[in-house]
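Reading through the structure tokens given below for one structure.
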Amino acid sequence: RTQFEFPVIDYYKRLGFDLDADPFEAISVEFNNEYDRRREECLLHEDAWKILESHTQAGRSQSILSASLHERLEEIIEYYQLTSFFHHLLGLKNIYAEGKIDLGRQCINSLEYDRREVLLIGDTVHDFEVASACGIDCVLVSHGHQHEERLEACGVPVFESLRAIEV
């Protein structure tokens, strides 16, 4: 969590992978194959269902913007029976997790909301970068991909859990 970053190829470089000996594309295929094999072993974060349900009942629109492959995102959201909570599921067209800024801009431009009404809740510095590029507010949670200290450097509120965020 102290090393993770986008684009993910930079994360592997930071970890010391020799991408000449082990090409990033091959590493990505290997990682994604293992992820697919074990993805149903993951648990939702504590209170995730309750939080999503309460926001839906309050009439808030919710969407997911993910660096995951779009088809995988749809499958996993359906597996956990979360589809009804989301108006948009946006994932990437490839497995390389290069970043989400362009996809974020497309999403924001398609929404029928003023940008001041949109809040991106993320768990990476890149999520902050996406929000900044889209001209929307952002808060971060420290129980995800990156360590709290890295998130705090963004200068936006950082919460220890989804439950701690009052929207």
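The values are calculated or read from the model by the stated rules, or taken from the named source; none is laboratory data. Values in this document were obtained by computation on a predicted structure and should not be read as measured data. All Cβ positions, even for glycine, are placed from backbone atoms using ideal geometry, and neighbour counts span all protein chains on display. These area figures cover heavy atoms from the full protein model, side chains too; ligands, DNA and RNA do not enter into them. Shrake-Rupley method; radii C 1.70, N 1.55, O 1.52, S 1.80 Å.
A few notes on this one:
- Note on K93: aspartates and glutamates with a C-alpha under 14 Å away, same-chain residues under 8 apart excluded, are E71, E74, D102.
- Residues of segment 107-140 with an amide N closer than 19 Å to a point placed 7 Å from the Cα of D10 along the Cα-to-Cβ direction: 122-135, 140.
- Panel values: segment 1-156, Kirkwood radius from alpha carbon pairs, Stokes-Einstein at 10 °C and 1.306 mPa s, translational diffusion coefficient 94 µm²/s.
- Across the accessible surface of the chain, with the other protein chains kept in place and a 1.4 Å probe, carbon and sulfur atoms take up 48 percent.
- Backbone amide hydrogens, once placed in the peptide plane, bring D137 within less than 5 Å of V118, L120, excluding anything fewer than 5 places away on its chain.
- With θ taken as phi - 60° and the Karplus curve 6.51 cos²θ - 1.76 cosθ + 1.60 applied, the whole-hertz 3J(HN,Hα) list for segment 124-137 is 9, 4, 4, 4, 4, 4, 5, 4, 4, 5, 8, x, 10, 6 Hz, x standing for glycine and proline.
- In Å, descending, principal axis extents of the Cα set of segment 116-167: 25, 21, 16
- Axis angle, to the nearest 10 degrees, between helix 101-110 and the longest C-alpha principal axis of the chain: 30 degrees.
- Selection of GluC sites (Glu not before Pro), segment 1-70, meeting DSSP coil and at most 15 other Cβ within 10 Å: E46
- Distance distribution note for segment 71-151: the fraction of Cα pairs above 14 angstrom is 68%.
- Solvent-accessible heavy-atom area per residue, rounded to whole Å², over segment 82-167 at 1.4 Å: 57 Å²
- Cut-off 16 Å (backbone N to label point 7 Å along Cα→Cβ of H88), residues of segment 131-158: 131-138
- Farthest toward the positive end of the dipole of segment 79-167, out of L92, I108, C138, is the Cα of L92, where the dipole comes from beta carbon charges about the Cα centre.
- The C-alpha atoms of segment 106-146 occupy a region whose extents along the principal axes are 30, 15, 12 Å, arranged from largest to smallest.
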